[in-house]
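Structure first, then comments.
Only the coordinates and a few stated rules stand behind these numbers; no lab work does. The structure displayed is predicted, hence computed values, not measured ones. Ideal geometry is used to build each Cβ from the backbone, glycine not excepted, and the neighbour counts take in all protein chains shown.
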Amino acid sequence: MFKTSQKISYRRWRRKIQIDGLSSALVNSIETISGQKIFIPVLKKIVHESNVSIFDIEHIETLSEASYRINNYDSRFEETPEIPFVAHFSEGYIIPRHGILLDKNSHVINNVFKPREESNEILYNRLNRLMIRDPLLFISIFAPSINTSSNTVTLDEVAPLFPSHTNYYHWLIKTLPKIRYIWWYEEQTGKKVDFLLPPDAPSWMEQTLDLLDVPIENRIYSEEKTCHITNLVVPSWVAHSAEDYTWLKNRILNNISQKEGESTNIFISRSDATDRHITNRGEVKKMLNKYGFEEYVLSELPTKECIRLFNQADVIVGAHGAGLADIIFADNASVIELYGSRYTMTYANIARRLGLQYTKLQCEPVYTDIRVNITNLESAVQEALG
């Protein structure tokens, strides 16, 4: 068991250094390990024994000055019966580098997403990073109020737009639909809302905002430690409905032209990721080539090109990961998802809501990677091609 854990750590560590660089990989690893083993348990005890209140999304409607539930919202996931809403606070604070929200009394607003248990873990991870990187600012959260200083900027009508994790899936699927809710709020109130975004936003965040026609003047990237918001607008969880996905798909595809000659059978490579590499990738490619598949590393392409690929695809093959998020742009496609020791219904749910044909294919786990059974994959491809 020790040897297995050691190999898993070494493989991921080596790839993380290659992707993020030694310094970034080292800092992130120290934060993760120290947080899980030391700081987060201590942090939970501090919160429990202090006067700090953490308001979950279910309580925000009653605590805010006003809330607006989305009208005629009928296409919901059955596991999310509540209708999404937008809440308005007359005053609040945002710590942009860590995605932490507070009301005017310095109560933490937990607006990540549901269920509560998962969102609480993400919130504690954010507080843990803040505690390690800026302990003085962290301490100020537990004071009666945030101390306004030279490191604080005041903004007016602002909504936070922070993904729970900085990867493409959490941004595209769990964050961008909130823009729809905010724009609906603007229609109801006649107010204009700016979006506060992570100060170190990756390029794909910018590119998707461009494709959604979010005006540049409505995007704020603050380098200040805290932002004092005189009118804080807080969108609720994303309902993950076909209605939201269709809105996002149509809005973005409206700004992307079709391109002749693109491959309609695509194989999504994870050669740029830290885990879930396909150890027999050469064999997989050789088999898929017989059926006209082309391999793509999505991080090497502009976001617009990735979306176009998925939209024009007939069959999509790929290991579980953020790269499959673009299946929401597919039309009548078949999706074959490869997975190892762990499986989640994430992409099966998206495919089902959008009417896509979906097949899951379990593969042999090789530490954090997978080995694909070529015969099983070929059978799945043949079935998808009809």
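Points to keep in mind about this one:
- Residue-wise HN-Hα couplings along the stretch 212-226, as the Karplus relation 6.51 cos²θ - 1.76 cosθ + 1.60 with θ = phi - 60° gives them from phi, are 8, 6, 7, x, 4, 5, 9, 10, 10, 10, 8, 8, 5, 5, 9 Hz; Gly and Pro carry x.
- Rounded to the nearest 20 debye, dipole of the stretch 265-385 from Cβ charges on Lys, Arg, Asp, Glu: 200
- Listed cross-link partners Lys174/Lys249; Lys259/Lys290; Lys174/Lys225; Lys44/Lys174; Lys174/Lys304; Lys259/Lys360 are compared with a 21 Å cut-off, the Cα-Cα value being larger for Lys259/Lys290; Lys174/Lys225; Lys44/Lys174; Lys259/Lys360.
- When Val158, Val108 are arranged by Cβ crowding within 10 Å, least crowded first, meaning fewest neighbours, the order is Val108, Val158.
- Karplus-derived 3J(HN,Hα), 6.51/-1.76/1.60, for each residue of the stretch 283-293, Hz, glycine and proline x: 5, 4, 4, 4, 5, 5, 4, 5, 10, x, 7
- Under 15 Å, Cβ to Cβ, from Glu223 - net charge with Lys/Arg +1 and Asp/Glu -1: +1
- Ordering Tyr73, Tyr168, Tyr124 by the number of other Cβ atoms within 10 Å of each residue's own Cβ, fewest first, gives Tyr73, Tyr124, Tyr168.
- Remark: spin-label model distance Lys304-Ile216 equals 1.5 nm, labels positioned 7 Å along the Cα→Cβ axis.
- Ile374 versus Arg251: modelled label distance in nm, points set 7 Å from Cα along the beta carbon direction: 4.5
- Computed from the Cα positions only, the extents of the stretch 265-385 along the three principal axes stand at 32, 30, 29 Å, in decreasing order.
- Mean projection of the Cα convex hull over all viewing directions, computed for the stretch 132-277: 12.4 nm².
- Taking a sphere under 13 Å around the Cβ of Arg251 and counting the other residues whose Cβ falls inside, with K and R at +1 and D and E at -1, yields a net charge of -2.
- Footprinting exposure proxy ranking of Trp237, Trp171, Trp183, fewest other C-beta atoms within 10 angstrom first, gives Trp183, Trp237, Trp171.
- The gain in end-to-end length when the Lys360 to Glu383 segment is fully stretched comes to 7.0 nm, 0.36 nm per residue minus the alpha carbon separation.
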